[in-house]
Each structure stands twice: as C-alpha cells, then as structure tokens.
Amino acid sequence: MTRYLSRRLFLMVPLLLGVSLITFILLYLVPGDPVHSLVGERASPETIENIRRELGLDLPVHVRYSRWLGRTLRGDLGRSWVTHRPVRESLVTRFPVTLRLSVLAFTFSSVLGVSLGIVVAVREDRGIDHPAHRLLIAGQSVPVIYLCLLFMYVFGVWMGVAPISGLGDGSLRHFLLPAGALGLYTAVPKARMTRSAMLEVLRQDYVRTARAKGLPEGAVIWRHALRNAMVTVVTVLGSGLSNLLVGSVLTETVFGLPGIGKLQIDAVWARDFPVVMGCFIFQALVLSLCNFVVDLAYAWVNPRIRLE
Amino acid sequence: MRSVRLLGRHRAAKVGMGIVAGLVAMALFAPVLAPYPPDHMELGRVLAPPGRTNLLGTDYFGRDVLSRIIFGARVSLTVGVVAQLLAASLGVTLGLLAGYLGGWADLAIMRLVELVLCFPDLLLAIGLSVALGPGPYTLFLALGLVGWPGMTRLVRGEVLALREREFLEAARAAGASTGRLLRVHLFPNCLPTVLVALTGGMASCIMAEASLSFLGLGAQPPTPSWGSMLSLGRPYLHHAPHLVIFPGLAIALAVFGFSLLGDGLRDVLDPRWACSRPPATSRPGRGGGPHGQAGRS
Amino acid sequence: MRARAVAMLLCLAAMGCRPSGAVPVPAPDRYGGVFRGAWNRNPVTLDPAYVVTILDATACALIYNGLVRFDERGRVVPDLAVALPEVSPDGRTYVFELRRGVTFSNGRELVADDVVYSFRRVLDPATASRRAWVLEALEGAEAFSRGATGELPGVRAEGSHRVVITLVAPQAHFLSLLAMPAAYVLAREEVERHDDPRDYGFHPVGTGPWILDTWIPGSRLYFRANRDYFEGRPYLDALEFRIIEDPATALAEFRAGNLHLLRLGPAEYGAFLADPRWRDCLVACPDLAVYYLGFNCEKRPFNDPRVRRAINHAIDRIAILEAVLPGRYILANGSVPPGLAGHDAGLEGYAYDPDLARRLLAEAGYPRGFRMEILQTPSPGSLQLTEPIQRMLAAVGIRARLVQLETSAFFATIGDGGNPDSFLVSWWADYPEAENFLYPMFHSRNRGAGGNRARFADPEVDRLLDLARYTLDAGKREALYREVERRVFAQTPWVPLYFPVNYLVHQPWVGGYVPCPVPNAQKMTGVWLGPQPRSHEARETTQR
Amino acid sequence: MGKLVAVEDLRVHFHTEDGVVRAVDAVTFDIDHGEILGVVGESGCGKSVTALSIIRLLPRPAGRIASGRILFRGQDLLKKPEAEMRHIRGNDIAMIFQEPMTSLNPVYSCGAQVAEAIRLHQGLRPREAWAEAVDMLSRVGIAAPERRAREYPHQLSGGMRQRVMIAMALSCNPRLLIADEPTTALDVTVQAQILELVKELKRDMGMAVMLITHDLGVIAEMARRVVVMYAGRVVEEADVMGLFRRPLHPYTEGLLDAVPRIDLPRGRLHVIPGQVPDPGDLPPGCRFHPRCAHRQDVCRKATPKLVDLGEGRRLACWVRGQGREAP
C-alpha cells in the first residue's frame, strides 16, 4: 500500500516535467513579439531592448527553459511580464476564489450527482427504465458556458435572486450562481457513472444475500450496495476533477470571478508567459495531488487495497 | 447489415440519428432553409425579439438569428468532422503501431498519450489555438491534436486483444507484411470501436468548438458559429436574451444527438457492451462524454 | 486652448445632450463617506514607470502628483510646482519652483531631489520602463537610457525646492508630457525598501489626495483620503473601486444603489437617456481618441489614392454608427478630436456614394473589385463595425475578409512585423495635444510600430510636423496642425470613423463629479456624497 | 400438522427483449418439517428460480411470478406484504448460494455480516450480536473465530466463506434452509466437509433443507426425497432410494447413467444426446422429447401432466407412466 502510493507520488515528477515542457514549447511557438503588446507605441529601440533583456527574451529557448525550471524548482515561478507581480503571489491570492468555487461546486455536484445516480439506478432496477437516463445524457449535452449564461439570465436577470457576476465583497451569495452552474454541469457525468456503478452492484450476489437476510430495502441499498458502489464512485469523483478544472476556468471567465482560471485566460490573451506557465503547472500539480488523494480514498473504501 | 437493423431498433439511437440527420440537412441546405442570408443586416431592426418576421429574433445588426443558427451548423459539423478525422487518423495509426509493435514503440507512444491526457483537454486546446493563432485550421488542428490520445488507447487495447488470435497467426504465417497485417487484418477489426469513439468525439468536438469560439479562439466572423453567437450575444443578456438562448439550445441539441447516436452505436457495434447490461465503468479515454474525462492510468 | 471648452460644449449641444446639471455646492458638512465605483479590469500596475493603460493612469492619478497636471478641461496647470515654469527664450530650459510642505504619505517632505530621482528612474535602463520616451527630450537622456553614462544633465535640483530641466531641443508640448504618469514624482526610499524594486508597484506611495489601502487583485481596490493633502483633504473619506468586468453586473449593482458611478455600455445608454429620473445624472464624456480603418498605403492596390477614396465612398459610416453607437459617437473626418487645438470642424468627409466608388475603382483599374483583408482584434465592438463594412464593400465588388488577430499579434502585424491590407484600430491620446495624434500617426519617422500604421509618407507633412513641434507660439502651432491635417486627409490614408463619446451616470446623491477627457486629470477631490435614501425603492418613490 | 412448504402450480415468467420466457412452469412440490429435499436438474432448468421465488427474491424487473401459491406453514408467501416477507427472510427461511466468492459483501468483515443478520432478527445490541456471530462462526467449524470475524471475505478461502455464509444463514434458527448449489464452486474435499456440516446442523437445529444441485452424488448423500426438474417443469419426484434404484423418467435415467460409477465395470459413459433447450424457445409437447430415446408421437404434441403414482412417487411422462395431458 505504502509502496503503491509512493510510486504514484513519484510518477508525478516526470508528468509535471512533461507538462511544463509542452506548455513552454507551445508558448514559444506563439506568433507575435510579446514585447510589442507590453510597450505600446512610440517606444524607442533602446526601450524595447531593455525590456527584452529584462524578460530574458534575448536568450535561446533552451536556456530560458532551464532557467525557468531551475527557478521553479526553488519555488520561484517568476514574475508576470505585464504586472511584475510574482506569479506565486498571484496564484496564492487567486487560489481561494477557485478553491471556494470548486469546493462548493464539487460538494453540490457530488451530492446531487451521486444521489441522482442512485435514485435512477434503483428505480431502473425496479423497472422504470430509460427516461431518467436519457435526461442525464441530455444534461451532459449542455455546455457549461451555456449553463452559466442561463443561470445568469434566470436567477440573476429574471428572478434577481443572486448577483449576476463578479466576486462582489466575496460573500457566499456571489458564488451561488457560478457554483450552481458548475455543480450542475459536473453533476451529470457523476450521476451517469454512479448509476451504472449502482446498477452493476445491485446485480451482485452479495446484494441478493443481503436481501435474503431480510434486510430492509433501504439498508440493502445504502449499507450494502452503495458502500460497494462507492469504490467506483470515488474513482468517478476523482476523474471528474479534470472536468471540474476545465469547467471552473470557463465558469470563472463567464462570471468574471478572479480565480486561477480567469488569471490563466487573461494571461493567455496578454501573452503573459510566466503567468501562463505558472497556471498550467499549478493546475497540473493540484490535479495530480487530487488524484493522489482519490487514490487514498479509493484504498480507504476498498479493504482489498487497504489491507495489502 | 445486422448492425444497421439493430440500430434501427434502438430507440435512443433512432432519436440521435434523427437529430444528426437534421443537422446535416441543415448544414447542406442552409441557403434553402434559412429565411434570410446569414449576414443580411437590417440596421433598422436590431435586437428584435422573436416574432413573425424573425422567428428567433434579430441580433445587434438586425440579422436573423434563426438563419445564423442554421448556417452555424456548417461550422460545428465541419469542425467536428475534420477534427475527428484528424484525431482518428493520428490516434488509430499510433494505436495500431503501439499495440502491434509493442515493446519500445508501445512504451514511447503510451507515455506520450499519458502526458497529453494529463492536460485537461480544453486547456490544451486553448493553448494550441493561441500558439497557432486563431483561424479555421487552428480549430481543426487544436481539437484534432487534443482528441487523438483517447483513440490511441482504445485502438491499442483492441489490437492487444486481437494480436494473439488465430487469423493473425495464419496471416503472418502466410507471409503478410506488417503494413498489410495492420491495414487488412487489424484495422477493420478496430473499426467498430473507432466508429463509436468518433461519434462520441463529435459531441465533445462541437462542445469544445463552442467553448473556444466563446473565448474568441474559434471561427472567424462573419462565419456564424454557435459559440461566437453566445459570446457576442452575452452583453445583451438583459435586453435580448434570445441572442444567447437559441444558439445555446442548438449546441445542446447537436451534442445530445451525437451522444445518443454514439451510445446507440456502442450498444450495437461494440461486442463488449452488446449484452443488455450497462457498462460497469466509464468508457476509457476521451472518446466519451463531452469534454471527456482525462483518463487515469 | 481657448477654443477647447467652447468646442466641447458645441459638440455636446449638437448631440442633443448636456453635461451634468448644475453641480450643487457642497455644504461644509459634506465631508465623509465612501465613494463606490467600478472598474472593468484590474489595474496592471501602480508604478508610474510601467503605466501603459488608461486605467492604470486613472488609478495612479489618485496617488501621485507631477510637476504639472491637466485640469478637467485638459489644460496644463501647476501641480507640485508653485506655478507654471519659467521657460528660457530658446525653449530648452524649464525652471520649476516646488511647493513647500508637500509630504509623501509616509510623512516625509517632498524635495527637488525626489523629482530628479523619479525622472532618472524612468530613463534608467535597469528599470526597463515602458514610457522612457516621455522624457527622451531631456538633455543626455539618450546616452543615459542606453546605459552609456550615469550622467543625466537634463534634470537637476537647485537647492531643495527648485528643479531645472534642460531639453536637447525645444519641444512645444513638453509640459503636457510632464503631466503624464511617467513623470509623476515618487519617493526613493519607498522604492528601495523592497528587495525587488518591481514590488513597489503594489505598494505605491505618493503625494496625492488618496492613499492605497487595500488591493485585492481582480476584486477591489480601496483608497483612503490623504488628510494632509496639500490642496486640502478630499471631501470623501475613501474610494472603493470594485473590479466588475460584466457590464450587466455593473448595471445591476448601480441600479441596486451599490455603485455611485457607472460607465454606460451601448445597450444601456438609451434606457437611461429616456428615463427622466436619470437624465440629470447623465454625464457625457468625449474621449480623446479616434477609431479608423487604416490602409497600408505602401501596398497595392491601396497605394493608389483613388482606391482609398473609392473605399471611403463605399462605406455608409453614418448608417453603421447610428446602428451600433447611437448618440455615442462624433463622426470623424480627420484624426484630431474636437476639443483639441488643431481640430478642424471644417474638414469634409467623403459622402456615401457607391456609384462614385465603383467609378473610382474602374478608373484605378479595378472594375471588378479585388480581394482584401481587414485586420482587427477579437472584440465584439470592432466586429460590430467591420461586419457592416464588409457587406458594404461587397456591394462595390470588393471582397473583404475579416481577420481577427490576438492583440499582440495584431499590433505586430500592423506595426513592422507584417504587411497588412487594412486594419481597424483606434488611437488614444496620451496627452491632449493635436501633436499627439498627427505626429505619431502621419510622420514617416514613425512608420509602423511608431504609430504611423498606414505607412503614410509625405515629405511636406513631415516638414510641417517637425516645424510645429518646435513652434512655441500656440496660435501658429494650431494653424500648422490644421494644415497638416488637411494635407493628410486630402490623400485619404484612412477611412476615419468616429471619436467616441462615453456616458457616465451617477447616483442623484453624488455631487461634484466632473468628467475629464484626459484620464489622469481626475483626482476625485471635489466629489461628495449627499444623504442617501434608505433603499432603492425609497429613492424611486422620492424621485416621482 | 401440514407440510412446512407447499409449492403449488408455480409459474414464473421472465420478460426480456426477446419476449416472455417461462422459466418455471406449473411446478408443484412440498417440503416436510425437518427433511432434506433434493432438487436436481441441469443448469437453467428453473431450480434456482423456484428457490428464489420461495423467498421472493427474483431478479427485478424481469422476473415475475405469473401464478401459483407458495404456502409456508399454511400461509401464502406470495400474498405477504414486502415488510412481512422481510421478516420471514433470514428469520424463517434462509438461503445460501453457489458462489461464496461473490455472495459475501467485500467491504465488510465476515463477523459484521453475520452480526448484521443477528441484530436484525434478534434485536441484540451490537456487542452482543458480535459475540453471537463469533459463536456462530465457531459452530460452523471456523477455527480462531475471533480473528476470522475481523477478516474480510477476500482473506478467506472458498470453503471458509461458505462456512461464513452458512453461519449467517443459520444465525437465526430458520425453519427452512435453501441451499442453492452450495458446494459446486468448492474443491471436492471441502465439498464433503460443507455437506457434512449442513447435515450436522440440520440435525442439531431441526430445520428443513431444500438442497439444489446438479450433482446426483450429493443428492444420494444428503437427501431423503428428490425432485427432478427439466426445462422449467418437474418431471419426476421420488424418494432417493427409489429413484436411484428405479428411475422412471427417461431424463432421470439419463442423468443417472451419466454419473461415473465405481461399482460397475468400466464402460463408456452415457451421455444424454442433444442440448438443454433455450428457455425462450421451448419445444412443443414434452419438453424432453427431442432428446428422448423413447419418444412417441404423443410426446411431440401434448405436454404430460405430473401424475401421482403412489408411495410418494410422481412422474410426468407419456411413455413410462399413465400419462395424462397437462392443462
């Protein structure tokens, strides 16, 4: 068990390296000189030269990468080309927003998705088939941006029950719509996968055993079926994380929430390479760590792995 | 033939096929179907709500929203088809090679696959589109380059299962070259899997195109694209919500159609799912749902 | 400069709108309160040496002072200096007397050495300032900014409160340059306090009426009043600016009474104008900017003036602008916006005449038109302009393709990095001078990235521009600029589109707000808050 | 006092995409107090479905009891509300399954699973239930029951797991134990131990056992009476001695011939020709006739009824008995 987990931890290293390398190469390929957008018109050649030197753009690309890598390994992600703000500081100040959005959306979607999946599976098992399942596929067809805009319109403009966008004073109500939209969006795949996991488990012999024992149906489902389905569901929740990440980038953009995703998209537009690099690496790191936690949780719900 | 008949009996697949056929017809006959040319402006009739003259209203130039949605099907379908073909050709080739050659080639290809898969797909597509600069080819390339690893995984798995089967042994014994083995014997056997993944991939592609266009990285005006209609309509959410609502519905409907068709095809074509049981786990790789799930190894 | 205020009033009157109603005089007890505003983006930096965007300039103006500044009408007035400087007869030496008792918000008194330090910092190659050109006319600036010498004779302190500035050559608009953010004065010890001087931009310290209290990037900035401000403390206790990107959200917050001032988007303007309750709170604010469709005058077929003229005739600018920006534009026939000395109201544009356009094209050898590309940045606003243009060009046989490029790629392409056909772009003034439009955009020295995107070249225009830059007499200078503009637009390097007009709306209980066309003229010191009705509903009923 | 269980004219239908499958058709038999009834037949003959019908755990939604009665101590189980049925399950009727591998829940320890049943039916507190469970485990012959109780199913061997299943089933002193192929998945030596255990416990606790198997050897060892099923129907019923000595139904005959015997000279092993029919596509008439060596014309046309031959012997065959047509 420990060996398995430490192996997984160790595997993150080449992965993060690969992510950084690919991102770096992509950014290197970007057309246009980033300095132009920094200085505007009327800058003298000396000014441009000074800035190129400041940003290290006068160096060959492999030197730039190895420098970046060296600094990053020391925990320094560099500074934004545009604002001069240390990238790490930007990440630290914006992470709470993303974290809050993600945690709210994740909780909402997990509760909603898992219970929806269970309900659908249990009913389907009793013979009320497909409509609910079809509805889930339909739900999965709605793009998150559209869901965000619909939430904005229905709850923000039409009913006026929540602020339409922005962080406001940072209070919870400003997260209601984005977290709701993102949560609903990520709930659907969870519901689908929980449903199929539950259906699979409900057909297992030990469920029949539990029924043969005379357990009430509720206990059969919650104690015996769900606990086993959790083994799959935990993986499902884990695999939904990257979905959540992508969703949060788009949600933050639509709702104008100053989180990591917003930072990233803005930086992409501004050609702010250090920030883009920082965001990608940060996301890859968070994602790997989350997957690691999922592995832990997986081991925890599954005695087979826990005891080995 | 049997598959076609089965598909005809699959209710969901029929609905999916209907929607997809409708989309294709919309794209092909857009000039006939659309009540107005998509870029016909009536500057005196801007932001008109849905009504008799303009079924779905007009935008900020007085262009007919319905006509633009109909023409928008062209963008979505073209992007989907081209990007998926690109992803499929790349993915299938690498998958065949990895599965058949094994060893070093397999290792290298699968490491690459894992690396690409650990990027959330849309973020990778954003990175690629920025690196390539906006434009139609960018969309094809970006979405194609994002889509191949899932396909590679699927095909590789299929090949691994097929590799030890007798007919291959026989062909090999008869002196078929590697290329011929791959082309004639392995590829057709992977075709059902690829077809299923392709259809599912279309759904994710349409979704991704919308997201990229929404961010301004997609189709270039005046080409009416559903995603850019969403993004350009957004400032008018207060006064003219129809600019957002209808294009969004179009996206959702298209994705829904392809998802249903993909699910139906999977039930019918893929022997592993052919039994009446629903799949126990999610489909591997990105061929699956919209935006896919980054596969965990 | 005399004509400026008149011209602005004229143009506003012509638009059927009036500036904010008579400003109530604040009673002495109007001190206090927190003003709540909204910015649509996060400021990039509050370090004057790196300020490029208008928003940054607006924010810096709250914190810092320069030797001189612009007033709300765009005139140069003394700021840290006691009075406008004495200029030597040759126009190369400026002597400033500094006010006494001006303190930085860290408590230290501002002295002449601070001015010298601030100017040297901007030119220092180690700073890599984006705005070194502002001070490039200083004697020795060129060698200093190359790093060739540590000497900068162009600026020196004489005693503690006198600054002497020497220029390489006379520069007519030099005082306007000194009012720009790059010439703001900051305290050396505050910059050097940070291990990395680049951190200074987030902890700015100046002499201005406001002190930055909190800055949560992407979320909000909070400024508290400088009670020791040398012009007396502002009425308000504090300013809060929230970052609200979505205009609809800002609108909702304004309607809920949570914002005191709102910049109106295209969709909201009409609604507010039509509402009698709000009409008195609307403030028109023409921007010092021009939007245009530029041609690459070096490239075929746009090197033929007849083609350029034909395109001008092919586009019905008024129809487009009326649809897209009703009431929010002033039709441009030249490049210098109204309100600036040098603006020529008599300049005639090209009327919409597609037949004439076709004839001109045929004359130029393109009876069946041609293909062209229109470059632009991917903003909804520019699309709204280019899409109708595309259709109108198609009507005369020109098949235009719209190409959206991401901002930096766009500027690289229309600068020196590419060879575009045409492009939609705008030019925003750094300072309110005709020179700031004509010199960068039409002098052949500034071809491409320097600002002359149309790659327009005319030796006579070059000569007149050079002459005007050294002409210290305002009247002569204005005449020269008018002449330049006439010469330029006789050759149609552009399709000039419009000068933007922005509308602001404030809550009825906000007093003393005067809009400033020059962004960094707004110091917010005269703004005060009257008693605010308890709730939104309450306000609405009292209004009726 | 009547029979413990009486199954009367039970018909179970499965609704599938290919139509209705009659998995159990007009099955009638009974089980006496304290007896071991063997039910034998090839897989797919409906014996498990019959058993599941008794405790009403047919797979839903496909399986449905179309008609018939199942009297348990004189009361029709098919008319009981689900809540009451739940009380009967585990308490009065318990069941163990073929696959001890998958029949135990992998995420709970063995002790917990046994204790759950005890708590449920005897209303004990957790700690008491646990002690009872450990006791039960030792009664089914598990060494070191304290330790085993804390272990998870995957840590136990197949035989151990089946012992746990038995412990769970018997923890509440049921009147009837349904054992559905309890030893099929186990090694031969373990098989014998488990069967011995069942016999022993039956003796101790005085319950009846319905032992379902396809293995006539097991029947010979354990049961007093046998019901032979084929393609959803009972074809023959007899006491064990009678059946082995003089099988009447050609199918039973075939089954007996297919068992290798040491007491007879080595010869060719008899096999029944043909295959078990697809339950969705049953032959008309006697369902066994396509494979029957003695078939006559009538066998093709009409289904024979199960006829009582006296001495506890019943038979459904046109050839060997005085066949009467079934309704």
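None of the figures in this text is laboratory data; all of them are computed from the coordinates on show. Note that the coordinates shown come from a computational prediction; the quantities given were computed from them, not determined experimentally. Ideal geometry is used to build each Cβ from the backbone, glycine not excepted, and the neighbour counts take in all protein chains shown.
Can you sort C:Arg108, C:Arg469 so the residue with the fewest Cβ neighbours within 10 Å comes first? It would help to have the intermediate numbers written out before the result.
On the way: C:Arg108 15, C:Arg469 21.
So the residues, fewest neighbours to most, are C:Arg108, C:Arg469.
What share of Cα pairs, in percent, lie more than 33 angstrom apart in chain C?
45 percent
Please work out the FRET efficiency for the pair A:Phe95 and C:Ser444, using the Cβ-Cβ distance as r and a Förster radius of 60 Å; give the result to the nearest 0.05.
0.75
Sequence neighbours fewer than 8 away in the same chain don't count; with that in mind, list the aspartates and glutamates whose C-alpha is under 20 Å from A:Lys190.
Hits, sequence-local ones excluded: A:Glu124, A:Asp125, A:Asp129, A:Glu200, A:Asp295, B:Asp121, B:Asp263.
Nothing charged except the Cβ atoms of Lys and Arg (+1) and of Asp and Glu (-1): what's the magnitude of the dipole of region A:94-301 about its Cα centre? Round to the nearest 20 debye. Walk me through the intermediate numbers first.
On the way: 17 positive and 11 negative charges, 99 e Å.
Charge dipole of region A:94-301: 480 debye, to the nearest 20.
Please arrange C:Phe423, A:Phe95, D:Phe72 by counting, for each residue, the other beta carbons lying within 10 Å of its beta carbon, fewest first.
Going from sparsest to densest Cβ surroundings: A:Phe95, D:Phe72, C:Phe423.
Using θ = phi - 60° and the Karplus relation 6.51 cos²θ - 1.76 cosθ + 1.60, list the HN-Hα couplings for region B:61-70 in order, rounded to whole Hz, with x at every Gly or Pro.
Each residue's phi maps through the Karplus curve to give 10, x, 8, 6, 5, 4, 4, 5, 5, 4 Hz.
Hey, rough spin-label estimate for D:Ser157 and B:Glu166, points 7 angstrom out along Cα→Cβ, what's it come to in nanometres?
3.8 nm
What relative contact order, as a whole-number percentage, does region C:437-541 give when Cα pairs under 8 Å and 6 or more residues apart are counted? Write down the numbers at each step before the final one.
Values: 85 pairs, mean separation 16.4, N = 105.
Averaging sequence separation for qualifying contacts and normalising by length gives 16 percent for region C:437-541.
May I ask what percent, to the nearest 5, of DSSP beta bridges between residues of the protein assembly as shown are antiparallel?
The antiparallel proportion sits near 70 percent.
Can you name the helices of chain A, as whole DSSP H runs, whose Cα span along the helix axis is 27 Å or more and whose Kyte-Doolittle mean is not below 1.0?
A:2-29, A:87-125, A:227-255, A:273-301
Would you list C:His506, B:His238 from fewest to most Cβ contacts within 10 Å?
B:His238, C:His506
Taking 0.36 nm per intervening residue step and subtracting the Cα-Cα distance, what contour gain separates D:Glu42 from D:Glu196 on full extension?
Length gained, D:Glu42 through D:Glu196: 53.1 nm.
Step through the residues of region B:239-248 one at a time and calculate ³J(HN,Hα) from phi using the Karplus curve (6.51 cos²θ - 1.76 cosθ + 1.60, θ = phi - 60°), rounding each to whole Hz and writing x for Gly and Pro.
9, 9, x, 5, 5, 9, 5, 6, x, x
On full extension of the chain, what length is gained from D:Met205 through D:Asp278, given 0.36 nm per residue of separation minus the C-alpha to C-alpha distance?
22.3 nm
Enumerate the amide H contacts of D:Arg225 below 5 Å, restricted to partners 5 or more residues apart or on another chain; note that Pro and chain-start residues carry no placed amide H.
Long-range HN contacts for D:Arg225: D:Ile36, D:Gly38, D:Val240.
Calculate, axis by axis, the spread of Cα positions in the protein assembly as shown along the three principal axes, and write the results as whole Å, longest axis first.
Computed over the protein assembly as shown, the largest-to-smallest principal extents equal 140, 73, 73 Å.
Report, in listed order, any pair from A:Lys213/D:Lys80; D:Lys3/D:Lys301; A:Lys213/D:Lys305 with a Cα-Cα distance greater than 25 Å.
Where the Cα-Cα span goes over 25 Å, the pairs concerned are D:Lys3/D:Lys301; A:Lys213/D:Lys305.
When Cβ neighbours within 10 Å are restricted to other protein chains, what is their mean count per residue of peptide C:122-128? Don't skip to the answer; put the middle values down first.
On the way: counts 0, 2, 1, 7, 3, 2, 12.
For peptide C:122-128, the averaged partner shielding equals 4.
Karplus couplings for region D:170-184 from phi (6.51 cos²θ - 1.76 cosθ + 1.60, θ = phi - 60°), rounded to Hz, Gly and Pro as x?
Values, residue by residue: 8, 4, 10, 6, x, 7, 9, 10, 9, 10, 8, 6, x, 10, 4 Hz.
Mind checking the dipole of chain C: about its Cα centre, +1 per Lys or Arg Cβ, -1 per Asp or Glu Cβ, Debye to the nearest 20?
Charge dipole, chain C, about its Cα centre: 1140 debye, nearest 20.
Rounding to the nearest 20 debye, state how big the charge dipole of region C:89-181 is about its Cα centre with +1 on each Lys and Arg Cβ and -1 on each Asp and Glu Cβ.
The calculation lands at about 260 debye.
Please identify the trypsin sites (Lys or Arg not before Pro) of region C:216-316 that satisfy two criteria: DSSP loop assignment and at most 12 other Cβ atoms within 10 Å. Which are they?
Working: sites: C:Arg220, C:Arg224, C:Arg227, C:Arg242, C:Arg255, C:Arg263, C:Arg277, C:Arg279, C:Lys299, C:Arg306, C:Arg308, C:Arg309; in loops: C:Arg227, C:Lys299.
Sparse-neighbourhood loop trypsin sites (Lys or Arg not before Pro): C:Arg227.
If you build the convex hull over the alpha carbons only and average its shadow over all orientations, what do you get for region C:282-403? Give it in nm² to one decimal.
If I average the Cα hull's projected area over directions, I get 8.4 nm².
Counting only residues 5 or more places away or on other chains, whose amide H sits under 5 Å from the amide H of C:Val403 once H atoms are built in the peptide plane?
HN-HN under 5 Å from C:Val403: C:Ile374, C:Leu375, C:Gln376.
Can you list the residues, at least 5 places off or on another chain, whose amide H is less than 5 Å from the amide H of C:Tyr329, using H built in the peptide plane?
Answer set, sorted by chain and number: C:Val501.
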